[in-house]
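Q: Sharing a structure here in structure tokens format.
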Amino acid sequence: MCHSIRVICSVVAVALAATTVSALAQTAVTQKAFCVIVGMSPLEPIGDRAGHALQVSTYSCRTEGGPMDGGVMTGTTIYEWDAGKAVVLSGAGVGRKPGAMASFHVMEGTMALLMADGKVIGAAGAGKGVIKHASGSAAVLNGKTNSYTVRSTSPGQFLIETTYD
């Protein structure tokens, strides 16, 4: 179960990371963020029922596409887990590259464990975010909302694909 949660958190973190990279001013552009979890707290039971817990995850990503192409993104996400499914309670971070910076906020997100033969094989999810501030060559992202999908690629790693509105 601990490994499963790490996979899921990786996926959620990727989703959050995706929030920072992508689109040109008026064209929907998809950005990819290849992420790794760099810190994760153990599940913290809430105590009201089995499988209900909080978890904090920090991650770092390499981005491809859009104004932040070639940049690095770091972020933190707080998840509420309940029986193999999670909801993002809070998520934010910053993308950086020479001549550009963008901060993001995750407005909503969900994650679910993927199972095969009774074993967790990964996690996948989706959500929405917004760029709160962007500067330099990323300034076109200021105030942009986005939709993202996230999926685990291996233990502790995930891919976020973001499309800016």
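The values are calculated or read from the model by the stated rules, or taken from the named source; none is laboratory data. Being a predicted model, the structure only gives us computed values, none of them experimental. Virtual Cβ from ideal backbone geometry, glycine too; neighbours counted across all protein chains shown.
Q: Kindly indicate whether any position in the range 132-146 is touching a residue at least 60 places away in the same chain (Cβ under 8 Å), under 22 Å from residue 54 (Cα atoms) and out of contact with any Pro (no Cβ under 8 Å at 6 or more places or on another chain).
A: The answer is no, given that none of the residues of the range 132-146 is touching a residue at least 60 places away in the same chain (Cβ under 8 Å), under 22 Å from residue 54 (Cα atoms) and out of contact with any Pro (no Cβ under 8 Å at 6 or more places or on another chain).
Q: Please enumerate the residues belonging to the range 65-81 that are in contact (Cβ under 8 Å) with a residue 40 or more places away in the chain and charged (D, E, K, R).
A: Selection gives 69 alone.
Q: Still on this structure, please answer the following. Yes or no: residue 143 outside any strand (DSSP E or B) and crowded, with 18+ Cβ neighbours inside 10 Å?
A: No: the conditions fail for residue 143.
Q: Every residue in the range 110-124 that is on the phi < 0 side of the Ramachandran plot and touching a helix residue (DSSP H, G or I) at 6+ places or on another chain (Cβ under 7 Å), please.
A: The answer is 111, 113, 120, 123, 124.
Q: Moving on. Determine if the range 30-41 includes at least one residue that is at pLDDT below 85 and within 30 Å of residue 139 (Cβ to Cβ).
A: Yes, there is a match, as at least one residue in the range 30-41 is at pLDDT below 85 and within 30 Å of residue 139 (Cβ to Cβ).
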